[in-house]
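Comments concern the structure below.
Just so it is clear, none of the values below were taken in a lab; they were calculated from the coordinates. Keep in mind the model is a prediction, meaning the values are calculated, not measured. Here the Cβ positions follow ideal geometry from the backbone for every residue, glycine too, while neighbour counts run over all protein chains shown.
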Amino acid sequence: MITAAAAIMVCVFASFVLGDSLTIKLFGVGLASAVFLDAFLIRTVLVPALMALMARVRGGCRAASPSASRTSTSTRDRRLSRAAGQRRA
């Protein structure tokens with residue numbers, strides 16, 4: 001979705017080159033190249049590579065809280081259902 005929008009923006013900014021004014025032509029080239037570099041180089045190559053490096057340095061994904069990683073879902077569900085049964089009685 002972002003890449004498609006960037007491709008449209010590159011085409012629009014590149015069309016500024018067809019204008020008569022030198023200033024508009026320079027803006028078109030500058031904006032088209034900036035959007036192209038951002039969408040196709042930075043967002044598709046550098047961001048995933050940096051995220052992989054950061055995950056490797058950090059040691060992978062960890063649970064949000066220490067108690068969540070220690071308690072399995074089934075144990076937590078049993079405990080909650082037992083507490084709900086005691087409240088009903």
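Quick notes on this structure:
- Full-stretch length increase - R58, L31 - with 0.36 nm per residue and alpha-carbon distance subtracted: 6.1 nm
- Projected label distance in nm at I42 and D20, using a 7 Å step from Cα toward the beta-carbon: 3.5
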